[in-house]
Structures are given as structure tokens and as C-alpha cells.
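Novice: One structure is given below, represented as C-alpha cells, and several questions about it will come after.
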Amino acid sequence: MEEKISFCKGGGCTAKLGAGILSRVLERLPKGPQDPNLLIGYDSKDDAAVYKVSDDIAIVQTLDFFPPMVDEPYTFGKIAATNALSDIYAMGGEVKTALNIVCFPETMDLNILGEIMRGGSEKVIEAGGTLAGGHSINDSDVKYGLSVTGVVHPDRIYPNNGGKPGDKLILTKRLGVGIICTANRVQEASAEAMEAAISSMTTLNKYAAMICRNYDIHACTDVTGFSFLGHLHEMMDGALSCQINAKQVPVFPEALDYADEFLLTAAGQRNRNHVQDYVKFENVPFAMEEVLYDPQTSGGLLVAVDATQAETLEKELQEAGLPAAIVGEIVEKGDVEITVTM
Amino acid sequence: MYGMEEKEMIKVDAMGDTCPIPVVKTKNAIKELNGSGEVMTLVDNEIAVQNLTKMANQKGYGVKSQKLGEGQYEVVMTISADGASAVTELAESTVEEETVCYPDARKKNTVVVLSSSTMGNGDDELGAILMKGFIYALSQQENLPTTILMYNGGAKISCEESPSLEDLKSLESQGVEILTCGTCLNHYGLSDKLKVGEVTNMYVIAEKMTQADLIVKP
């Protein structure tokens, strides 16, 4: 295939609109009559919408799509799908169906689209779901993603903000893919770093989710465009505080190197602007700060688990081959929402 | 013979570029400077201004930015020959400002600068005793300073084993801002030995000093 998809504009979750802008717009939308079956809507800034249809089934609905962050179409398809499917796992659910969302220039080689969608459909199958259709439009740039529907038991939903003081926080994937992809765009990323980042971005959170099901999970989210600190801030939801041990946070070492070279995204800075008032760093080097603000594409799960089970859960995740680690703990609400120490 | 020092200025056009391209282009221009000079980068959004400013602050370059018009911003970095920070006049930054609390206008904004762990020249042993005495006397003043800045040798004063920790803590508990230069802590291997106050950088140090009503340097 000769033609490569150009992703000259930052792709992946670096393309998300900043959280600040979004909340201002969302606040003003008309809400309509309250439906008691809507268990989770956008009021709680959660990963997906959850709607109860019976005493033991609730539908989980989510969608994600974005421009490419890699130039290989099949890989892009896999990453985009993995990312979209992740939100179902972040709610504690199971994937059932998915619909393609496609934007594609009419004049581009259709085989490229075929490759993107091949990557996407492979991941839907791996997730145990069925690709049931989709929608495509002509666009000046390529964008791809999925609208996904899953199911969850209404009593076993993982909210974002259900964490309790004393809970330990576990992160299941390494941070830094945003910076690595960005460095790659300007030809400054090593092939090994890119390979590791891609491998991380195409790993379904299904495996982590399945293991978590046997534990007392109080809250869960997936770390994506708003960065580790951004999503952690959502988990605190104005009612909790937390302490993070930066040395324990799994990161790609190359991401730290590239951050020291200032190969940073606009979205990263937007994340910093949005969350920095809630964060206090103690002896954390600049590069590590940037990795914590780095928008992740298809990042890992960030779970709040009962303290007594944390080490066992961490071990089980690691034995499954995931770079999971306990990164901190939730504490009673204090003056500082998120304290990060090195 | 006196002459105007010619500062080399390289212009970088990063209009329409998404991060990190403005930073990459600027870094390349800085390499071309061969030591010292200025680089002026044009970008079309505030976030790029912030990312460029971040880099300049980390590297210790002087930096100022301004909005030229709708979708047009200019960031000028000053790199000095000795590689240390060239502190330039802080121009109005048009990056979105957060609400700032201004100190009580009736009270002078006094900044104490401690650039060494000893006070005066002659005998260092005496100097250390004098500095300890000075900080104690400071803590007993009726009008306390707003901020105490510590850098280079002064960075040791806020770290483990310093004889002035109690006095600094007392000052801090009465609302005095205690700031120690991060680069200096790293240099002396004291990064994890800071006992009072917070870590700061040259950008903040320059800002505090230029905005002070009175600078006290013992």
C-alpha cells in the first residue's frame, strides 16, 4: 500500500476538546425530564451512560472516535477500537455490540479504510462483541472509532467517584503514549518506544476488568484523553483527596526522556491548565509532571480497591502480564486534592 | 570604546503548527544561535505560547510573550552566553490569567533574599552565626516579610541540619512564603532534604524580586 494516512494534526486522544471548554457547554444543555432508569449520565462525568432495563440488566452506552495517531491504518483501527471498547470495561460491563464511525476522504484509497476497519473489527471480536453496522461520511481527514453497547448488572456498576478513604489506587497500563506518539510525529521516537506504546494501546482492558470482577472495586475509570491526573481528579469529584507515589506509577521511560526534550502536546498543556489547581507536586521532576498530564490514547484502568485486597489484585494483574501497580491511596478530603510525591 | 551589544535574533514562523512543532522549531533556532541571542517564535494559539514558556522556564531562558492580534502570538526567548538564566523584563503575558490575590496594599511587599548560607564576608564561621541570628531576628520583627527566597548557598538554610529550621517554620506559620530554588537543591544534592516551604524556579524568583516593594538582602 503506497499511500500512508497523514496524521499531521495531533491524533488520538490529543484531539479531545479540553475539559474546561466541554463543561461550560454541557452545563447549558437542556436536560429534559429526569428518568430514574438513567443510572449514570453525563452529570457525573463518568465513562459511559448506564440505563437500567430490568432488575439485573443495565445497558452501557459509549462512543469514541478520533484522527490517526500512527500512520499504519490497520494499527490505527486496532487502537481506535481498543480505546472505544475500554469505556465499557471501565463501567464494569461486558461488550455486546459495536457500530463503526468513519470519516474518510472520498479521494483516498479505499483499501486504507478497509485496513482500518479490519483492525477495528478484530478488536470487537476479541472483546466478545459483534460489529453490527456503522456510519461513514466523506471528510477532509480520516477519523475512526466505535459506538459501543454493553451490559452490566445494575448493582455491580463501577462508578468513577465511588472511592472511599483508605482505598488503594491501581493503574493497569503505563503512562506516556501521548508523548511517545508526539515524538514519533517529529521523528524523535525510537522504534522500540513506538512498538511498546502501540502494544499498550492495542491491549484491551478486558483482561484487567475480568480480574477486577473478583475484588471489591469501589470506583473505576479508564485513563484516556484527560490524562492520569485529569481522570484522577474526576474520581475525587470534590469529595475526596489522594496521595500518589510518583515512583510507583508505571511509565514508559522514553516518555520521560521525550518530555525532557519538550516534545509535548497541546492537549497535555490543556490538561495541566484544567487540573493544576487541584494538584500539589513534591520533588517531582518536570518530565514526570508532564507524563502525569499526558493525554493517553487507550490507557489502562485506574481502580480504587479495598485496601486489604490491593496487593493481591496487583499481583494477579501482574501475573496476567499487565504492568499494573499500586500508585497511591485515597484519603479523607483535605486542603489539597491530589498530592504527588516522588 | 563603548558600543551597543548586538544581540542575534532568529525569527521562527510556527503559525499553523501544532505542538510540539513550535517547540522543535524553536529548539533548532536556539542551536543555531551558537551560545547567546534571541529567538522570536510566532504561533497562532495560547497553548503553544504556554508550552514554549514552559520550555524556556525549565531551561532558564528569559521569556516574554504577547498577543499581536487574533490568532497571532509572539514568544521571545533570550539565551545568554553563560548558559545561566538571563532574566529579562517581564512583559504583560496575555495567556489566560487566573484570579490573583493582591497583597494588602497598606502593607509593603517585602522580599528577603538569601543567596548564601553565611552573612557578610570575612569569616564563614562567623558568617553562619550571623545568618542564624539574622533569621531569628527577622522572625521577631513586627512587620514580617511576604516572601523569603533562597538560592545557591542559601538553599541550604531550608534543608535538613540547618540551624534556622525552627525560625523558618515559625515564619511560615505566620504566613511568610518560604521558597527555595529547585535547581540549587538539585545541585547540592538536597532535593529530598528540604524541610520548610516549597521548591521554586528562576521565573518565580525573578517575578517576586521585580514585584517587591522592598528587597532585603543580608
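Novice: Applying the selection to the range A:256-267, what residues are over 13 Å from A:Pro285 (Cα atoms) and not in a loop (DSSP other than H, G, I, E, B)?
Specialist: Selection gives A:Tyr258, A:Ala266, A:Ala267.
Condition check ((1) within 22 Å of A:Met342 (Cα to Cα); (2) within 14 Å of chain B (Cβ to nearest Cβ); (3) charged (D, E, K, R)) across all residues:
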| position | (1), (2), (3) |
| --- | --- |
| A:Asn283 | yes, yes, no |
| A:Tyr293 | yes, yes, no |
| A:Ser298 | no, no, no |
| A:Glu314 | yes, no, yes |
| A:Gln318 | no, no, no |
| A:Ala325 | yes, no, no |
| A:Glu332 | yes, no, yes |
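Novice: Right, next: Quick check, is B:Ile30 aliphatic (A, V, I, L, M), closer than 27 Å to B:Thr183 by Cα, facing another protein chain (nearest Cβ under 10 Å) and outside any loop (DSSP other than H, G, I, E, B)?
Specialist: In short, no.
Novice: Within the range B:39-51, track down each residue that is more than 10 Å from chain A (Cβ to nearest Cβ) and touching a Pro at 6+ places or on another chain (Cβ under 7 Å).
Specialist: Initial filter on the range B:39-51 (more than 10 Å from chain A (Cβ to nearest Cβ)): B:39-44.
Across the range B:39-51, the qualifying residues are B:Thr41, B:Val43.
Novice: Taking the conditions exactly as written (farther than 28 Å from A:Leu22 by Cα, within 14 Å of chain B (Cβ to nearest Cβ), in contact with a helix residue (DSSP H, G or I) (Cβ under 8 Å, 6 or more places away or on another chain) and not small (Gly, Ala, Ser)), does A:Val275 satisfy them or not?
Specialist: Judged against the criteria, A:Val275 is not a match.
Novice: While we're on this one: For the range B:163-179, which residues satisfy the criterion of being among the small types (Gly, Ala, Ser) and surrounded by fewer than 23 Cβ atoms within 10 Å (Cβ to Cβ)?
Specialist: If the condition is that a residue be among the small types (Gly, Ala, Ser) and surrounded by fewer than 23 Cβ atoms within 10 Å (Cβ to Cβ), then B:Ser170, B:Ser173, B:Gly175 are the ones that fit.
Table: residues versus (1) surrounded by fewer than 24 Cβ atoms within 10 Å (Cβ to Cβ); (2) acidic (Asp, Glu).
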| position | (1), (2) |
| --- | --- |
| A:Val249 | yes, no |
| A:Ala255 | no, no |
| A:Ala267 | no, no |
| A:Lys333 | yes, no |
| A:Glu337 | yes, yes |
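Novice: When you scan the range A:90-107, do you find a residue that is in a helix (DSSP H, G or I), at negative phi and crowded, with 18+ Cβ neighbours inside 10 Å, even just one? Working first, answer last.
Specialist: Here is the first cut: in the range A:90-107, the residues in a helix (DSSP H, G or I) are A:90.
From the residues that got through so far, the ones that are at negative phi too are A:90.
Okay, now just the ones that are also crowded, with 18+ Cβ neighbours inside 10 Å, so A:90.
Yes, there is a match, as at least one residue in the range A:90-107 is in a helix (DSSP H, G or I), at negative phi and crowded, with 18+ Cβ neighbours inside 10 Å.
Novice: Checking A:Met69 against (1) crowded, with 23+ Cβ neighbours inside 10 Å; (2) modelled with pLDDT under 95; (3) part of a helix (DSSP H, G or I), which single condition isn't satisfied?
Specialist: Here A:Met69 meets the rest and fails (3).
Novice: I've got another one for you. Given (1) at pLDDT 85 or above; (2) hydroxyl-bearing (Ser, Thr, Tyr); (3) under 30 Å from A:Leu110 (Cα atoms), where does A:Thr14 come up short, assuming only one miss?
Specialist: Among (1) at pLDDT 85 or above; (2) hydroxyl-bearing (Ser, Thr, Tyr); (3) under 30 Å from A:Leu110 (Cα atoms), the lone unmet condition for A:Thr14 is (1).
Novice: For residues in the range A:236-251 being touching a Leu at 6+ places or on another chain (Cβ under 7 Å) and outside any strand (DSSP E or B), which is nearest to the other protein chains (Cβ to nearest Cβ)?
Specialist: For the range A:236-251, the residue satisfying everything is A:Val249.
Novice: Can you go through B:Ile215, B:Ile205 and tell me which one is closer than 28 Å to B:Asn57 by Cα, touching a residue at least 40 places away in the same chain (Cβ under 8 Å) and in a helix (DSSP H, G or I)?
Specialist: Of the residues listed, the single one that is closer than 28 Å to B:Asn57 by Cα, touching a residue at least 40 places away in the same chain (Cβ under 8 Å) and in a helix (DSSP H, G or I) is B:Ile205.
Novice: Within the range A:21-57, can you find the residues that are closer than 30 Å to A:Asp71 by Cα and modelled with pLDDT under 85?
Specialist: A:Ile21, A:Leu22, A:Asp47
Novice: Can you tell me how many residues within the range B:121-162 are assigned to a loop (DSSP other than H, G, I, E, B) and not aliphatic (A, V, I, L, M)?
Specialist: 13
Novice: For the range A:123-232, which fully contained helices (runs of 4 or more DSSP H) count at least 3 residues that are surrounded by 24 or more Cβ atoms within 10 Å (Cβ to Cβ), assigned by TED's automatic domain parsing to the domain that holds A:Leu110 and over 20 Å from the mean Cα position of the chain (by Cα)?
Specialist: Ranges flagged: none.
Novice: Given the structure, is A:Thr265 in contact (Cβ under 8 Å) with a residue 40 or more places away in the chain, of a type in the set (Val, Ile, Thr), under 19 Å from B:Cys19 (Cβ atoms) and away from chain B (no Cβ under 11 Å)?
Specialist: Here the answer is no, as A:Thr265 does not meet what is asked.
Novice: Got a sec? Which of B:Val216, B:Val204, B:Val176 is at pLDDT below 90, out of contact with any Lys or Arg (no Cβ under 7 Å at 6 or more places or on another chain) and aliphatic (A, V, I, L, M)?
Specialist: Among B:Val216, B:Val204, B:Val176, only B:Val204 is at pLDDT below 90, out of contact with any Lys or Arg (no Cβ under 7 Å at 6 or more places or on another chain) and aliphatic (A, V, I, L, M).
Novice: In the list B:Ala212, B:Ala137, B:Ala128, which residue meets the criterion of being exposed (fewer than 14 other Cβ atoms within 10 Å of the Cβ) and small (Gly, Ala, Ser)?
Specialist: Unique residue meeting the criteria: B:Ala137.
Residue by residue, here is whether (1) over 22 Å from the mean Cα position of the chain (by Cα); (2) hydroxyl-bearing (Ser, Thr, Tyr); (3) within 14 Å of chain A (Cβ to nearest Cβ) holds:
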residue	(1), (2), (3)
B:Ala14	yes, no, yes
B:Cys19	yes, no, yes
B:Lys25	yes, no, yes
B:Gly37	no, no, no
B:Lys54	no, no, yes
B:Asn57	no, no, yes
B:Tyr61	no, yes, yes
B:Val76	no, no, no
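Novice: At pLDDT below 95 and of a type in the set (Val, Ile, Thr): is that true of A:Thr182 in this structure?
Specialist: yes
The values are calculated or read from the model by the stated rules, or taken from the named source; none is laboratory data. These numbers come from a predicted model, not from an experiment. A quick note on method: Cβ atoms are made from the backbone with ideal geometry, for glycine too, and the neighbour counts reach across all protein chains shown.
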